Amino acid sequence: MPDLGTTVEEFKIMAWLVGEGDFVELGDALAEIETDKAVTQLESPAKGVVLRLAVEAGDTVFTGDTLAYIGAPGEVLALEETPAPREAAAAPV
């Protein structure tokens with residue numbers, strides 16, 4: 001998840017607008033994301049094929065998390081390259 005230049009570090013993936021195998025251009029909308037203030041679209045940081053969606057719609061993610069892998073057509077992504085999503089931090093006591 002890129003740093004969107006806000007103080008918000010936690011986001012929810014509302015819906016994916018692309019699927020695995022789809023070709024995307026730089027700047028294409030990949031997903032709708034929700035912060036505590038707004039719903040917006042997440043743009044593709046690269047041109048290529050969506051190799052894998054690392055999180056599902058409805059998941060909560062944090063700045064710096066991997067959401068999707070974009071690569072060259074025909075590229076294969078090894079399973080061990082997919083990190084597990086982080087859990088939400090516990091509320092302070």
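The values are calculated or read from the model by the stated rules, or taken from the named source; none is laboratory data. Predicted model only: the values in this text are computed from it and were never measured. No Cβ is skipped: glycine too gets one built from the backbone with ideal geometry, and neighbour counts run over all protein chains shown. Heavy atoms of the whole protein, side chains included, go into the accessibility calculation; ligands, DNA and RNA do not. Shrake-Rupley method; radii C 1.70, N 1.55, O 1.52, S 1.80 Å.
Under 5 Å between amide H atoms, partner at least 5 residues away or on a different chain: which partners does V61 have, H built in plane at 1.01 Å?
Excluding prolines and chain starts, which carry no amide H, the hits are F11, K12, I13.
Please give the per residue accessible area of the stretch 38-77, computed with a probe of 1.4 Å over protein heavy atoms only, in Å².
About 52 Å² of surface per residue is accessible.
Using the Kirkwood radius over Cα pairs, work out the Stokes-Einstein diffusion coefficient for the stretch 13-75 at 37 °C and 0.692 mPa s, in µm²/s as a whole number.
Here the translational diffusion coefficient equals 276 µm²/s.
Which residues' amide hydrogens lie under 5 Å from the amide hydrogen of K47, considering only partners 5 or more residues apart or on another chain, with H built in the peptide plane?
Amide H neighbours of K47, under 5 Å, 5+ apart: L26.
Label R52 and V39 with points 7 Å out from Cα along Cα→Cβ: what is the distance between them in nm?
Each label point is offset 7 Å from its Cα along the Cβ direction, giving 2.9 nm.
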